[in-house]
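Student: Okay, handing you the structure first.
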Amino acid sequence: MSDEDIFGLFRQMRWGKTNGEPVCPQCECEEHYYIKARKQWRCKFCNHTFSVTSGTWLGSTKLPLRTILIGVVALANAAKGMSALQLMRYMGVQYKTAYIFYHKLRDALHQTRHDQPALKGQVEMDGAYINPSKRFPNKVADRREKTKLSNRPKQCVIVERMRSTDGLGACRTLTYVVETERAEDITDIAEQDIVPGTEIFTDCHSGYSDLMVSFDHTTVNHDVCFIGPNGENTNQAESFFSRFRRLIRGQTHQVGPEYLELYANEVAYREDTRRWDNQRITFDMLSRMLSDEDNGKKSRFRGYWNYTRRNRGAEDLVLAA
């Protein structure tokens, strides 16, 4: 693709509703002047200058559009995710740039995950405890004994998976990070995302017992079998956690607690798009990163390296390779 073709693709992904015609992100006016040398526009109404990435998760980026497209294509091809070091080599940029680019994509996928109807039909719910990695202080005297590492608090990832009606596994996945599988948290999550009366399959954990009030709740005792006598199971939820653990063990190797929900949601997205072709996944990822959302202007990764990690709670953060 030529540079003009890539520029046209980005315009179409950003302003698909107007067939690629720019819209001012500040006043939403469609009248503008085109600055050809800078590939920017200046609004005729508010005089605001903007580009194809202004006001999105890619706002203020200095990366060429071709480099951005290469990064998105590489991530779309990675079925189990990718390390930032590997993405760095694909894009030809520094590690810091690849790390933040990947996290901006995760942030965009997470912020746009509720742009679909509520879960219905048959839904599976399950939880898994993840032991996030921690960054230790520089001085040995300030570090805790390694014998205490096994007792550090874990975080529970709750997954909801809606089964497809054609018998081809799950078609939509939502994830949340909580402290434990408490009944209050699980009930709130289910009532927020699932249509009342939906058939929900879980294991026999006591935290799911309150679901019978608003839903058709069916359990399977994993101490006895994985599939009950009537076919009840949570195999789709277990399939999600299988891919999630492979992302941690085989790609990132460690995950910090602050961004655990972003990693879990990335795996949920890859599960939901596992039957899509690479072009469709690439266009969907790119359109989400270029979506004109207020959240894009307030992204937690904007200016990430501009101030010290000390202010972010360095003991609880880790760079996922």
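Coordinate-derived values only; no laboratory data. These figures come from a predicted structure and were not determined experimentally. Virtual Cβ from ideal backbone geometry, glycine too; neighbours counted across all protein chains shown.
Student: Give the residue list of chymotrypsin sites (Phe, Trp or Tyr not before Pro) in region 1-110 that are DSSP loop and have at most 16 other beta-carbon atoms within 10 angstrom.
Tutor: Listed in order of number, the matching sites are F45.
Student: What does the extension gain come out to for H253 and S206, with contour length at 0.36 nm per residue minus their alpha carbon separation?
Tutor: 13.8 nm
Student: Here's a follow-up. Can you give the convex hull volume per residue for the Cα atoms of region 122-273, as a whole number of Å³?
Tutor: Taking only Cα atoms, region 122-273 has a hull volume of 133 Å³ per residue.
Student: Oh, and also: Starting from the Cα-Cα distance between M1 and N230, subtract it from 0.36 nm times their residue separation and give me the gain in nm to one decimal.
Tutor: That pair, M1 and N230, stretches by 77.1 nm at full extension.
Student: Further question: Calculate for the chain the 222 nm mean residue ellipticity that helices alone would give, adding -39,500 (n - 2.57) per DSSP H run of length 4 or more and normalising by residue count, nearest 500 deg cm²/dmol.
Tutor: The per-residue figure over the chain is -10000 deg cm²/dmol.
Student: Calculate how many DSSP beta bridges within region 122-273 are antiparallel, expressed in % of all such bridges and rounded to the nearest 5.
Tutor: Expressed as a percentage, antiparallel bridges in region 122-273 total about 65.
Student: Follow-up question, since we're still on this one. Treat each spin label as a single point 7 Å out from the Cα along the C-beta direction, and report the E21 to K39 distance in nm.
Tutor: 2.2 nm
Student: What is the gain in length, in nm to one decimal, between H114 and L85 on full extension, counting 0.36 nm per residue of separation less the C-alpha to C-alpha distance?
Tutor: That works out to 7.4 nm of additional length.
Student: Okay, moving on. Cα axis of helix 260-272 to longest principal axis of the chain: angle in degrees, 0 to 90, nearest 10?
Tutor: For helix 260-272, the angle is close to 90 degrees.
Student: Restricting to the chain, compute how many DSSP beta bridges are antiparallel as a %, nearest 5.
Tutor: Taking every DSSP beta bridge within the chain, about 70 percent pair in antiparallel fashion.
Student: May I ask you to list the residues of region 163-202 whose amide nitrogen lies under 16 Å from a point 7 Å from Cα along the Cα→beta-carbon direction of R274?
Tutor: Residues 163-175 fall inside that zone.
Student: Could you name the aspartates and glutamates in cross-link range of K80, using Cα to Cα under 18 Å and dropping any fewer than eight places away on the same chain?
Tutor: Partners found: D107, E238, E261, E266, E271, D272, D277, D284.
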